[in-house]
Amino acid sequence: MRKIILLMCVAAMAACCGEKAEAPLSEVIDIALENARTQYTLMAEKYEPQEGRLPKSWVGKVGEEGGEDISSDSRWWCSGFFPGTLWYLYENSGDEKMLAWARQFTDRVEREKYTTTNHDVGFMLMNSFGNGLRISQDAAENERYKEVLLTGARSLATRFQPHIGLIRSWDHNRDKWQYPVIIDNMMNLELMLWAANYAMEEGFEDAAALRKIALSHADSTMVNHFREDFGSYHVVSYDTLSGRVEMRQTHQGYADESTWSRGEAWGLYGYTMMYRLTKEQRYLTQAQEIAKFMIHHKNMPTDYIPYWDFDEPAIPNVPRDASAAAIMASALVELADFSTPEQAAEYMKVAEIQVRTLASPEYTAPVGENGNFILMHSTGGFPFGSEVDVPLTYADYYFIEALTRLKNRL
Ligand code: GLY
């Protein structure tokens, strides 16, 4: 806490003297992680007695009394993010309380391994059980987590139609779309590839099929979801008989032909992750082209926190999306590892600006405020007036992941 106040004083003094005093990045990271640990301690204490519940968002005004916690059960697509952030905070601090909570809240998501009615199983399980498997040192727990992940990937695989070549995203809006696939679905391929590798090690016969599903989905998304400039469509729907594209639309973006910022960030992260896990050059090229689109877009602000949609006509008078910035920052730090020195320097410069901005009082809430979320100012579903300028679990998750990746790289 003392460190946080000190940093804020330095920033305030610099502002009043008209100087640009920049704390070393390593210090910014340490303070942001410590601040996050304090906030998430309060969050975990609050949710521990609420059986089966997980934080989702908060509605209120930072700095004012009141406000309302918004929670969900494990069915909400974001249920894995809070446990995932707890795992990262444990990894960064060694705080045993964080470990106990990470385990406890991860278990709250376990039943999602049987979910076959949407594509979000990867988000739910990889961030919770996947991080747990990576970080936990408990052999029995690791075996149990592997079973959950494999079962989850097999559930997700039931949503793949070979003649279409993609995993179906949603079952809702059946009168509108025959077979909707959203750009976000790229993120679920990490679970699929983890399962393919594990199944291969164990000699399970579906190993090759699971890998084929992931690559097929990534390849078809590359062809059908992106425009020539590498901006993306949010929803591409396929004809269930012919397997061909029937329409390209938006759901959470401004317009069918606009580029929804978080969707583009999912694409950047998704193809970077696909390259990490397959070393297929085409995925690296795709990720680098998406990075170019985002970094050099005429509507990207100088602090690199995107407006909620790149093509919203009312820019700059529209909400930002801190979640898109956090996802992008985390992806760029990883992409830098795979890129030329020139590209890496650009990605790291942008990620650093994003992280410094997110870690500043402009986006990071004071301890004890903001419903105990770390970041303010994310946008969930602007077109429906849902979750506009609020904290969201996934903004926090990718921010902490970006801080961890940066810390490991420094
Ligand atoms: N996957 C849903 C979203 O990004 O809002």
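Can you pull the percent of Cα pairs in segment 180-249 with separation above 20 Å?
38 percent
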Find how much the distance from Gln281 to Glu65 grows on full extension, using 0.36 nm per residue of separation minus their present alpha carbon separation; answer in nm with one decimal.
72.5 nm
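Give the average over all directions of the projected area of the C-alpha convex hull of segment 142-188, one decimal, in nm². It would help to have the intermediate numbers written out before the result.
Working: hull surface 16.0 nm².
Result: a mean projected hull area of 4.0 nm².
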CD proxy, 222 nm, the chain: helix-only mean residue ellipticity via -39,500 (n - 2.57) per DSSP H run with n ≥ 4, per residue, nearest 500, stands at -17000 deg cm²/dmol
Extent along principal axes [Cα atoms of segment 189-316; Å; largest to smallest]:
55, 37, 21
Translational D in µm²/s for the chain (Stokes-Einstein at 10 °C, 1.306 mPa s, Kirkwood Rh from C-alpha pairs):
74 µm²/s
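Which percent of the accessible heavy-atom area of segment 301-341 goes to carbon and sulfur, probe 1.4 angstrom? Show your work: numbers first, answer last.
Values: 630 of 1190 Å².
Result for segment 301-341: 53 percent of the exposed heavy-atom area is carbon or sulfur.
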For His377, which sequence-distant residues (separation of 5 or more, or a different chain) have an amide H within less than 5 Å of its own amide H, given hydrogens modelled in the peptide plane?
Val390
Any idea how far the Cα center of segment 76-98 sits from the one of segment 299-337, in Å?
24 Å
Segment 255-410: Kirkwood hydrodynamic radius (Cα pairs, Å) comes out at 15.6 Å
Give the value in nm², to one decimal: projected area of the alpha carbon convex hull of segment 18-59, averaged over all directions.
5.0 nm²
Springs between alpha-carbon pairs under 10 angstrom, Gaussian network model over the chain: which of Ala265, Ala208, Ala255 fluctuates most?
Ala208
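Can you list which of the trypsin sites (Lys or Arg not before Pro) found in segment 145-242 are DSSP loop residues with at most 16 other C-beta atoms within 10 Å?
The qualifying sites are Arg174, Lys176, Arg227.
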Separation between the Ser386 and Ala140 pseudo-spin-labels, each 7 Å from Cα along Cα→Cβ, expressed in nm?
4.1 nm
Residue-normalised value, i.e. accessible area per residue, for the chain at 1.4 Å probe, in Å², stands at 40 Å²
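Please identify every one of the GluC sites (Glu not before Pro) in segment 300-372 that sits in a loop by DSSP and has no more than 11 other beta carbons within 10 Å of its own beta carbon. Can you show the working numbers first?
On the way: sites: Glu334, Glu342, Glu346, Glu352, Glu362, Glu369; in loops: Glu362, Glu369.
For GluC sites (Glu not before Pro) across segment 300-372 that sit outside H, G, I, E and B with at most 11 neighbouring Cβ atoms in 10 Å, the list is empty.
What percentage of the solvent-accessible surface of segment 25-163, computed with a 1.4 Å probe over protein heavy atoms, is contributed by carbon and sulfur atoms?
Details: 2710 of 5670 Å².
Roughly 48 percent, rounded to a whole number.
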Considering the Cα trace of segment 76-156, what is its radius of gyration and what is Dmax, both in angstroms?
11.8, 37
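The values are calculated or read from the model by the stated rules, or taken from the named source; none is laboratory data. Model, not experiment: these values are computed from the prediction. Ideal geometry is used to build each Cβ from the backbone, glycine not excepted, and the neighbour counts take in all protein chains shown. Only protein heavy atoms, including side chains, enter the accessible area calculation; ligands, DNA and RNA are left aside. Shrake-Rupley method; radii C 1.70, N 1.55, O 1.52, S 1.80 Å.
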